[in-house]
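Single-structure report; data block below.
Values in this text are rule-based calculations from the coordinates and carry no lab data. Model, not experiment: these values are computed from the prediction. Please note: Cβ atoms are built from the backbone with ideal geometry, for glycine as well, and neighbour counts cover all protein chains shown.
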Amino acid sequence: MNIAAKNLPIAAEAAAILERLGVERAAYTGGDLKAFSPITGEQTASLKTVSASDAAAMIDRADDAFRAWRLVPAPKRGELVRLFGEALRSAKSDLGHLVSIEAGKSPSEGLGEVQEMIDICDFAVGLSRQLYGLTIATERPGHRMMETWHPLGVIGIISAFNFPVAVWAWNTALALVCGNSVVWKPSEKTPLAALAAQAMLERALERFGEAPENLAQVLIGDRAIGEVLVDHPKVALVSATGSTRMGREVGPRLAGRFARAILELGGNNGGIVCPSADLDMALRAIAFGAMGTAGQRCTTLRRLFVHDSVYDQLVPRLKKAYASVSVGNPLDGSALVGPLIDRLAFANMQTALADAKTHGGTVHGGERVETPHAAAYYVKPALVEMPAHEGPVLEETFAPILYVMRYSDFDAVLAQHNAVGAGLSSSIFTLDMREAERFLAADGSDCGIANVNIGTSGAEIGGAFGGEKETGGGRESGSDAWKAYMRRATNTINYSKALPLAQGVSFDI
Ligand code: UN1
């Protein structure tokens, strides 16, 4: 971390980083969108926003860029993403620090977010030589059948405050190697990190030299600007991260114009601690999963089912960890839990805790931690012992609340684990291979991510990221997620002198 910068007020620190990263001052001064740091609650900048008509024109220009970029060979497109990864490597500490300033993450988590960007760049560079189609056996003699993957169009990205730059990078790195242009609407709560990340891509574009203008653009603005992206006929795919409520609006609008959607919505992630679990390991995994990033990851552990036989060993230790965890300014030293993003997040947390009490829950923690900054919202993470799987337990509250419940029967707990709307991430802690395999089987966890002996959060690049049910069904970043960013053509070529018809049909004229 930049020790010298510590003495600067947070706004000056952010400005110094932006300047080092080459973002023009005019972009974040004198505008109408105010940016804040949740660390102190103070204003960091005021950004210029775009109007709806500007946004539409920018999307039109992105379509022009797409038409040129799609003709650049994929491995060459990969070279741009390789340069992007290099720019990110050189800016890692500055960008990580800015993520901490804007999202309130610990230095290690801020840097981790940038590392995740670098990792997806490496992944995408390799992918740029592996956008494979199949050759398929055909029933017709003298014919060849194959599939080809082509670039798709303008890709719209709507990202959330909690991963202000990594999720954009997941989408952008894949979209670019797949031959698409990108238009990004970042969260209004973290626009400075967006400007900085965009500047890194622009640095790469400059070094690359031959990319069309407007290949990647940022739309700074409010919800109405996001709507322009969702409704614009030239946007072929929108990848949107946010609440299930947001997805319920975005999904049908995209479907209405037959555009593609990658939806990364809420998570209400569960963990099961079985009788044979390594409790030391489970304790650490649960602590990071539930309290890390102040409970503001979509993969945060929110529901914990503990077997009766180990409940009285594990839960007192967990309570101790909750009582002693350091909460405070994440840039000041060793605090593991930083602030909530804003007052509303704090209010939502308090509402959920009050609701939990009316359902018979016993709440440990959850109170505000006072700091000199009246507009910053720090809380003690809350561990809530619940008598039943009901009430607020069934909903995602984007705050550090872990609901803990007892169980005695494995089949019953598996059913309960799956009995929520969301289906993002899940974990089981067990040394019993029957339980572990059952959790991963067709009748096990119904989530897009199912883990054994690790927590629900902190997925790495390489695996497909996303979830089922109300999480929206989208997959990003790893595995074959790239296919969503391309269109598939099936090609059948006849190199014979006859014209046999498939299915033995005859049509002789
Ligand atoms: C998110 O919270 O939107 O698995 C993304 C994780 C991170 C990504 C989280 N790699 O927790």
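For the chain, what is the calculated [θ] at 222 nm in deg cm²/dmol (nearest 500), taking -39500 (n - 2.57) for each run of four or more DSSP H residues and dividing by its residue count?
So the helix-based figure for the chain works out to -12500 deg cm²/dmol.
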Any idea what the alpha-carbon Rg over 2.2 N^0.38 Å comes to for the range 218-290?
1.67
When Lys and Arg each count +1 and Asp and Glu each count -1, what net charge do the other residues less than 13 Å away from Ala441, Cβ to Cβ, add up to?
-3
For the chain, build the charge dipole from Cβ charges (+1 Lys, Arg; -1 Asp, Glu) around the Cα centre, then report which of Ala15, Gly112, Ser426 sits farthest towards its positive end.
Ala15
When the charge dipole of the chain is computed with +1 on Lys and Arg Cβ and -1 on Asp and Glu Cβ about the Cα centre, the Cα farthest towards its positive end, among His150, Ala45, Gln313, belongs to His150
Bounding extents of the chain in its principal axis frame from Cα atoms, largest first in Å, are 81, 58, 36
How would you rank Ile158, Ile341, going from fewest to most other Cβ atoms within 10 Å of each one's own Cβ?
Ile341, Ile158
Part-to-part distance (alpha-carbon centres) for the range 1-70 and the range 147-163, which is given in Å:
21
Sorted by chain and then number, the residues having a modelled amide H within less than 5 Å of the amide H of Leu424, at least 5 places away or on another chain, are Asn268, Gly448, Glu468
Label-to-label distance, nm, for residues given as Ala412 and Ser93 (7 Å Cα→Cβ offset):
5.5
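May I ask you to compute the full-extension gain from Leu440 to Glu370, defined as 0.36 nm times their residue separation minus their alpha-carbon distance, rounded to one decimal in nm?
My answer for the length gained is 20.9 nm.
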Calculated FRET efficiency, Asn494 and Ser46, Cβ-Cβ r, R0 56 Å, to nearest 0.05?
0.35
Reachable lysines from Lys319, criterion Cα separation under 16 angstrom, eight or more residues apart if same chain
Lys380
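Stokes-Einstein D for the range 155-207 at 25 °C, 0.890 mPa s, Kirkwood Rh over Cα pairs, in µm²/s?
Calculated translational D: 219 µm²/s.
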Candidate aspartates and glutamates - alpha carbon under 16 Å from Lys189, same-chain residues fewer than 8 apart omitted
Asp32, Glu42, Glu102, Asp222, Asp342
Output wanted: per-residue J couplings in Hz (rounded whole) for the range 59-65, from phi through Karplus 6.51 cos²θ - 1.76 cosθ + 1.60, θ = phi - 60°, x for Gly and Pro.
5, 4, 5, 5, 5, 4, 4
Over what distance in Å are the Cα centres of the range 81-110 and the range 176-191 separated?
16
So if I take the centroid of the Cα atoms in the range 205-258 and the same for the range 408-441, what is the distance between those two points in Å?
36
Whole-Hz couplings from phi, Karplus 6.51/-1.76/1.60, listed for the range 363-371; x for Gly and Pro:
9, 10, x, x, 7, 5, 9, 6, 9
Under 28 Å Cα-Cα from Lys76, which lysines qualify once same-chain neighbours fewer than 8 residues away are excluded?
Lys92, Lys185, Lys234, Lys483
What is the spin-label model distance, in nm, from Glu19 to Met281 if the labels are put 7 Å beyond Cα along the C-beta direction?
5.0
Report, in debye and to the nearest 20, how large the dipole of the chain comes out about its Cα centre when Lys and Arg carry +1 and Asp and Glu carry -1 on their Cβ.
820
Based on DSSP, what percent of beta bridges with both residues in the chain are antiparallel, to the nearest 5?
35
Using the Karplus curve 6.51 cos²θ - 1.76 cosθ + 1.60 with θ = phi - 60°, what ³J(HN,Hα) values do you get for each residue of the range 129-136, in whole Hz, with x for Gly and Pro?
10, 9, 7, 6, x, 9, 9, 10
